[in-house]
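The values are calculated or read from the model by the stated rules, or taken from the named source; none is laboratory data. Worth saying up front: this structure is predicted, and the values here are computed from it rather than measured. So basically every Cβ, Gly included, is an ideal-geometry build from the backbone, and we count neighbours across all protein chains shown. For accessibility, only protein heavy atoms count, side chains too; no ligands or nucleic acids. Shrake-Rupley method; radii C 1.70, N 1.55, O 1.52, S 1.80 Å.
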Amino acid sequence: ITSSREQVSLKQFTYLTLKSDKPLTSSEFKGYISKIHGFLIFAIDKSVSLTSVRARNDSITEDMSDGKSKAKSILIYFSESDFAPPEVNLSNRDMLFDFQIVKDNLADVLNRWLDCYERFDVALHLFLSTKSGAHKYLDTRFLALIQAVETYHRRTSVETSMEPDLYKRLSDSLLTACPTEHKEWLEGSLRHGNEPHLRKRIKSVIDPFKQYFGTKEKRASLISTIVTTRNYLTHYDKSLKGEAATGEKLYRMYTKLEAIFQLALLKELSFSDAQIKFICEKNSGLSKKLKAH
């Protein structure tokens, strides 16, 4: 606290302590820090920076003035003031969720977040890349985000387009009838042929939260536009150009898609339906995404 006759200034520094039952290698330690950093970006719903990271090990000590010793604090990295990001004033309504919502089970939520990295790390990396400024243009941010949703569903679902036994019988009959010179090509085409198409994947991710995305017709229209836009931006098929979203429409669709993935992650972290409803109603950022037309 600093004070003078003219003003009083108060600063609060927040820190998080991680403890391990066994010593961690530097790469393991940095890996956990990176994942926790990702959690903070997800919770705050903005790109944020860690100001400093310190480590301690009971086998590395320093002497105290009273003759005792303590574990030495080792500075891993810190933020140079000349390169520090500008300070931004945030209210709890600007965040996806604040500490009050998770204060009673923060350890469980963090452990589930780390488990998410084990199950669908690529999807998380793609999502976080859209928050960090890695993509300068809206179309590339959209492509990264739709890939995150698609990868998330692939890693967390066992859905198929048809019954696996039926698909195997169909594949076998096609391969039997296929000329030898085309069999290798057909095998490659059939290898992933029973995976759900993108439209079905998006619908499956939305379904637990469909009450937040309007009527069945509105959801179908949203999914159709997402799929068409993704196909156009991936293949640049001229026949899709008129139906693909651009400009402001692309931005509104992008925010909806971001909301879809954020809701899916909240569910993965075991937020209750009541908590998710509270977040959807009280979080101004998420509320705007859901109401975008």
| request: Working from Cα positions, state the angle (0 to 90°, nearest 10) between the long axis of helix 216-235 and the longest principal axis of the chain. | output: 90
| message | Compute the helix-to-body angle for 164-177: its Cα long axis versus the longest principal axis of the chain, expressed 0 to 90° and rounded to tens. | response | 50
| Cα-based helix-to-principal-axis angle, 273-282 vs the chain, degrees rounded to 10 | 70
| message | Longer than 20 Å from Cα to Cα, which of Lys210/Lys241; Lys46/Lys218; Lys216/Lys291; Lys200/Lys282 are they? Say none if no pair is. | response | Lys210/Lys241; Lys46/Lys218; Lys200/Lys282
| remark: Expected field for Arg141, accessible surface area in Å² at 1.4 Å probe radius, rounded to 10, holds 60
| message | To the nearest 20 Debye, how big is the dipole of the chain about its Cα centre, given +1 on the beta carbon of each Lys and Arg and -1 on that of each Asp and Glu? | response | 820
| remark: One point scatterer per Cα, no solvent, Debye formula: log10 I(q)/I(0) for region 95-145 at q = 0.22, 0.23, 0.26, 0.30 Å⁻¹ comes out as -0.87, -0.89, -0.94, -1.02
| Where does the chain land on the Kirkwood hydrodynamic radius, alpha-carbon pairs, in angstrom? | 22.7
| query | Residues with beta-carbon under 12 Å from that of Cys178, excluding Cys178: net charge, scoring Lys, Arg +1 and Asp, Glu -1? | reply | -3
| task | Note down the accessible area of Phe99, probe 1.4 Å, to the nearest 10 Å². | result | 120
| field | Contact order relative to length of the chain, as percent, for alpha carbon pairs under 8 angstrom and 6 or more apart | value | 17
| request: Choose one of Ala259, Tyr236, Ile226: the residue whose Cα lies farthest towards the positive end of the charge dipole of region 144-293 (beta-carbon charges +1 Lys, Arg; -1 Asp, Glu; about the Cα centre). | output: Ala259
